[in-house]
Amino acid sequence: MIRRLIPLILLPALALTCSSIPSGKEGEAAEKLAADMLQAAGLPQWQKTAAVEFTFAGMRSHLWDKARGLVQYRKGDIVVRFSKDSFRGVAYEKGKRIEDGKRVWSLIEEANSAFINDTFWLQPLFHISSPGARRYLIEPDSLRVTFFEGGVTPGDSYIFTPAADRRLQKMQMWVKILPVKGAVAEFSEYTTTETGVPVALRRKTAVKDIVLSGVKFYAAFPPAGQKDPFADLSPTP
């Protein structure tokens with residue numbers, strides 16, 4: 001299971017509300033709701049998607065070659081490309097390759113942390129079947145997921161509430177990084193991507209909205225006739 005983080009831009013907003021987490025009930029009904037929500041989230045189409053590109057909250061951009069396990073991270077003048085398997089990669093500043101190995105490693109760590117956080121927010125439901133995750137039905141129609149293993153904060157819990165079409169509408173968070181529990185993010189402005197995966201472009205919190213832009217899903221990557229952006233990682237580490 002990947003590590004789950006909360007964007008620092010949300011901390012002031014999430015400190016405004018607090019609630020205790022309902023217990024819920026494990027079993028067939030919880031698994032049925034989980035399956036329905038994953039289907040509505042486009043899990044079958046996601047599994048066939050070769051690559052994903054998006055900008056998170058106007059701050060940083062990611063290009064994720066899922067098939068090869070490669071990531072490109074862009075923030076300001078910095079561009080980092082690395083392998084998720086080996087964590088070896090390259091970094092550039094203003095188009096010039098950075099040769100300082102310690103700085104490259106630091107930038108890869110920064111890029112990976114942002115990638116973990118931002119891809120979780122892209123679609124949290126794709127993580128609910130991770131090893132160590134347990135699912136509970138919260139009556140009448142919400143799903144609690146607690147991650148008992150993995151990541152850096154085992155014990156984090158989320159409650160996912162679907163809309164009538166079973167797409168994710170609301171997420172509540174009980175996570176160790178936040179002193180106040182039960183913070184809410186509402187998912188809206190859904191669009192259907194090139195591979196058929198629906199993605200919410202807006203996550204509304206008490207103070208600040210998180211907006212995704214430049215969202216593009218690829219059925220094959222790199223697209224025919226286009227240069228491979230990860231050519232400088234070849235052979236793949």
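If only residues of the range 187-220 that are modelled with pLDDT of 95 or more and not in a strand (DSSP E or B) are counted, the one that is surrounded by the most Cβ atoms within 10 Å (Cβ to Cβ) is V197.
Go through the range 221-237 and give me each residue that's in contact (Cβ under 8 Å) with a residue 40 or more places away in the chain and either in contact with a helix residue (DSSP H, G or I) (Cβ under 7 Å, 6 or more places away or on another chain) or outside any loop (DSSP other than H, G, I, E, B) (or both). Selection gives D232, L233. Being modelled with pLDDT under 95 and closer than 30 Å to R81 by Cβ holds for only one residue in P235, P154, and it is P235.
Does the range 2-16 contain any residue that is surrounded by 19 or more Cβ atoms within 10 Å (Cβ to Cβ), modelled with pLDDT under 95 and basic (K, R)? Yes, the range 2-16 has at least one match. Cβ-Cβ distances below 9 Å connect the following pairs, each with a first residue in the range 81-105 that is on the phi < 0 side of the Ramachandran plot, a second residue that is assigned to a loop (DSSP other than H, G, I, E, B) and β-branched (V, I, T), and a separation of six or more residues or different chains: S83/T236; D85/T236; S86/T236; V90/I98; A91/I98; Y92/I98; V104/I98.
Among the candidates I78, I98, I21, which residue alone is surrounded by fewer than 19 Cβ atoms within 10 Å (Cβ to Cβ), over 25 Å from P198 (Cα atoms) and in contact with a helix residue (DSSP H, G or I) (Cβ under 6 Å, 6 or more places away or on another chain)? Steps first, answer last, please.
Working: I78 fails: in contact with a helix residue (DSSP H, G or I) (Cβ under 6 Å, 6 or more places away or on another chain); I21 fails: in contact with a helix residue (DSSP H, G or I) (Cβ under 6 Å, 6 or more places away or on another chain).
Just a single option satisfies the conditions, and that option is I98.
Of these, D165, D118, which one is touching a Lys or Arg at 6+ places or on another chain (Cβ under 8 Å), under 29 Å from D209 (Cβ atoms) and among the acidic types (D, E)? Reasoning before the result, please.
Numbers: D165 fails: touching a Lys or Arg at 6+ places or on another chain (Cβ under 8 Å).
The conditions single out D118.
Out of R88, R134, one residue alone is under 30 Å from D232 (Cβ atoms), touching a strand residue (DSSP E or B) at 6+ places or on another chain (Cβ under 9 Å) and not aliphatic (A, V, I, L, M). It is R88. Tell me which residues, restricted to the range 160-179, are out of contact with any Asp or Glu (no Cβ under 9 Å at 6 or more places or on another chain) and closer than 25 Å to E149 by Cβ. Within the range 160-179, F160, L168, Q172, L178, P179 meet the criteria.
When the range 29-60 is examined, which residues are found to be among the basic types (K, R) and over 21 Å from S113 (Cβ atoms)? Explain how you work it out, then say what you get.
Just the residues of the range 29-60 that are among the basic types (K, R), to begin with: 32, 48, 60.
Passing the criteria: K32, K48.
Counting the residues of the range 46-75 that are surrounded by fewer than 17 Cβ atoms within 10 Å (Cβ to Cβ) and not in a strand (DSSP E or B) gives 6.
Return the residue satisfying two criteria in turn: it lies in the range 129-169 and is among the β-branched types (V, I, T) and surrounded by fewer than 17 Cβ atoms within 10 Å (Cβ to Cβ), and of such residues it is farthest from K204 (Cα to Cα). Please lay out each step first, then the result.
The first filter runs over the range 129-169 and keeps only residues among the β-branched types (V, I, T), leaving 138, 145-146, 152-153, 159, 161.
Next, only the ones that are surrounded by fewer than 17 Cβ atoms within 10 Å (Cβ to Cβ) stay: 152-153.
Details: V152: 26, T153: 24 Å.
Selected residue: V152.
The values are calculated or read from the model by the stated rules, or taken from the named source; none is laboratory data. This one's a predicted model, so the numbers in the text were calculated from it and none came from an experiment. Here Cβ is always computed from backbone atoms with ideal geometry, including for glycine, and neighbour counts include all displayed protein chains.
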